[in-house]
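Beneath this line is the structure, given in structure tokens, with notes to follow.
Just so you know, all these numbers are worked out from the coordinates, no wet-lab data involved. Just so we're clear, the structure is a prediction, and the values are computed from it rather than from any experiment. Counting neighbours? That spans all protein chains shown, and the Cβs are built from the backbone with ideal geometry, glycine included.
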Amino acid sequence: MQRAMSSSTRARPGGVRRRENGRRVVSGLTRAAIAGSIALTAAFSAVAGAVFSGHSSTAAASAGSEQSSTTSSHPAVALPPTTDGRLVAPAQPPIASTGSAPPVTSGGS
Amino acid sequence: MPELASTSFGALGTTAVVLADPERLVRALQEVERELADIDRTCSRFRADSDLSRLNGSAGSWVTVDPLLMTALQVALRAAAATGGAVDPTVGAAVIAAGYDRDFDEVARVGPAIGDPKPAPGWHLVELDPDRFRVRVPSGVELDLGATAKALAADRSAGRAARATGCGVLVSLGGDVSTAGDPPPGGWTIGIADDHAALGEPGQSIAIVSGGLATSSTTVRRWTRGGVPMHHIVDPRTGLPACQAWRTVSVAAASCVDANTASTASFVLGERAPEWLSSLGLPARLVRPDGRIVRVAGWPHREAA
């Protein structure tokens, strides 16, 4: 046991160097990962901004004059169900009906 | 489950029909009427006092609008994005230039030739500030939410009535159908026709269990200018009535808004519509001007005899 401890003590300077080297490597990788994430976030934001431009703008909201109106108490209502902005198919397709005359007609109006 | 009861009344320039449990129909009707009144007050381009009219006259200024109009604008812009601009709310000036410049009952059915058509300037020009309920449209851009606001009204009023009554409710606004709550056994039965008001017209009966169904047709809301037939579905790219690859298009979707968006876009897409609808899995029935029918994405085949 004693011998082992001595052996361990003698080996410490090399271990510290390796540990410090390892820390530097991990630190460098972490910084690179963070920088990459920021760059990807910026890239995705730019793409989203280009694809959905016109949907909203808060930065420019203070520009220009403004008109206002009485605002009712309607809560903001969620948009219809979406999948990446695509139109959404029904849970089940329609089925043919052979019953009595339907009470409602879907047609042009 | 007892038989369904229905009631109908005029709203938003068309006929509204509400179906529900007979015991709860009156309550459902009250909720639907309130919702439709709110939509008309905020989204009508035929009312000078609507939020939409005020926005259209704002000459490029930021305008604070009712949250309901903000929702309707978000829905309209989403429809534009989802259809690649085939359904575009900035088509207002084009519709007016084509002669549809007032409530359709007051539009002269015959008139002189129109001037140069006005293609839609593009939905990307509309700026929304949803957090502060503010909107800006460039000067000269006229918004027309007709393609999506009526369907939104159907979705909202059906949901509102179902929540208030605790039963299944169907709302039809001129053939734009939305359902909410539990369906009756066998689903909601709906007739399909060129004209929602036509009685006894040969067509098809189908049933849906949820979501919405919309039919767009160029056989209704027609007029002539300079001898040229016009209809209400305008191609945003040209500012003129869409070409007539189809006479009537019916689409089923998860909501009436999505169904109406797809049925309207199909006229602008023309021959590409069936492939586009199939790619989205939207069951649809497309009728050519000569009556031939194309069905896609699981739309049932059986037609009336």
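Here the simple spin-label model places points 7 Å from the Cα toward Cβ, and for B:ALA108 and B:CYS243 these points are separated by 3.1 nm. Among the trypsin sites (Lys or Arg not before Pro) in the range B:1-102, those placed in a DSSP loop whose Cβ has at most 13 other Cβ atoms within 10 Å are B:ARG102. Placing pseudo-labels 7 Å out from each Cα toward the beta carbon at B:ARG302 and B:ALA37 gives an inter-label distance of 4.3 nm. Long hydrophobic helices in chain B: the complete DSSP H runs spanning 15 Å or more by Cα along their own axis with mean Kyte-Doolittle hydropathy of at least 0.5 are B:67-82, B:256-269. Count the net charge of all other residues whose Cβ sits under 11 Å from the Cβ of B:LEU68, scoring Lys and Arg as +1 and Asp and Glu as -1. Once positives and negatives cancel, what remains is -3. For B:GLN204, the residues 5 or more places off, or on other chains, whose built amide H falls under 5 Å of its own are B:ILE192, B:ALA304. For peptide B:60-70, the mean count of partner chain Cβ atoms within 10 Å of a residue's Cβ comes to 5.
Normalised by the number of residues in the range B:119-179, the average gap of Cα pairs under 8 Å and 6 or more apart makes the relative contact order 23 percent. In order along the range B:111-119, phi translates into HN-Hα couplings of x, x, 4, 7, x, 4, x, 10, x Hz, rounded to whole numbers, per the Karplus curve 6.51 cos²θ - 1.76 cosθ + 1.60 with θ = phi - 60° and x for Gly and Pro.
Per residue, chain B reaches -9000 deg cm²/dmol at 222 nm when only DSSP H runs of four or more residues are counted, each adding -39500 (n - 2.57). Mean partner shielding of peptide B:203-213, defined as the number of other chain Cβ atoms within 10 Å of each residue Cβ, is 6.
Counting 0.36 nm for each residue step from B:THR7 to B:ARG47 and taking away their Cα separation leaves a gain of 11.8 nm. The modelled label-to-label distance between A:GLN92 and A:ARG23, using points 7 Å beyond Cα along the C-beta direction, is 6.5 nm. The range B:144-185 and the range B:53-72 have Cα centres separated by 25 Å.
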